[in-house]
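Okay, so here's the structure we're looking at.
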């Protein structure tokens, strides 16, 4: 089982230039995060660290398949994940502001844990809607038993043509408004 310390990149002592780090992301990775949306995957995460005297650049290359729960039937199925992201890391004072693309570390820090970034980039790479694909006949591949149960509880909307039961006083008020105009 992996642990969060496996995802620490120590950048002190590295020569200026490029360094490559590779991680295999599977179920043990998601167990490190409380209330993770994902439970299993076969994803390869490659991180290229480019160091210079003033700045570091982390390029994330995420590719593979993640298992997600279908939004309709709740059955797990694999979806493809492919995502590339860049994060800049600079050294500054404790009050300096970080942003989505910039991380500010204190000058005395010599390592950074990238586990949270990998998790977020995997989640960003997922499709917004998780639904089983349709088969070659155009039929959904969701669990038929669950779809049947959902059909039982489906509430059908009433026709718009049907008159609603309204208080007859409203009709009288509308007549009065018509007389005033």
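Pick out the one residue from 59, 35, 42 that is over 29 Å from residue 91 (Cα atoms) and assigned to a strand (DSSP E or B).
Checking each option against the conditions leaves just 42.
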(message) Checking the condition modelled with pLDDT under 90 and touching a helix residue (DSSP H, G or I) at 6+ places or on another chain (Cβ under 9 Å), which residue from 53, 36, 41, 99 passes?
(response) 36
(message) Can you find a residue that is under 12 Å from residue 126 (Cβ atoms), touching a residue at least 24 places away in the same chain (Cβ under 8 Å) and under 14 Å from the mean Cα position of the chain (by Cα) anywhere in region 53-64?
(response) yes
(message) On the basis of being surrounded by 14 or more Cβ atoms within 10 Å (Cβ to Cβ), under 20 Å from residue 125 (Cα atoms) and in contact with a helix residue (DSSP H, G or I) (Cβ under 7 Å, 6 or more places away or on another chain), does residue 47 make the cut?
(response) no
(message) Out of everything in region 107-126 that is part of a loop (DSSP other than H, G, I, E, B) and modelled with pLDDT of 90 or more, what residue ends up being surrounded by the fewest Cβ atoms within 10 Å (Cβ to Cβ)?
(response) 126
(message) So in region 127-141, with the set limited to residues that are surrounded by 10 or more Cβ atoms within 10 Å (Cβ to Cβ) and either in contact (Cβ under 8 Å) with a residue 60 or more places away in the chain or in a loop (DSSP other than H, G, I, E, B) (or both), which one is nearest to the chain's Cα centre (by Cα)?
(response) 127
(request) Filter region 14-25 down to residues that are in contact (Cβ under 8 Å) with a residue 24 or more places away in the chain and either assigned to a loop (DSSP other than H, G, I, E, B) or under 20 Å from the mean Cα position of the chain (by Cα) (or both), then give me how many there are. (result) 5
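The values are calculated or read from the model by the stated rules, or taken from the named source; none is laboratory data. Everything numeric here is computed off the predicted structure, so don't read it as measured data. Every residue, glycine as well, gets a Cβ built from its backbone with ideal geometry; the counts of neighbours run over all protein chains shown.
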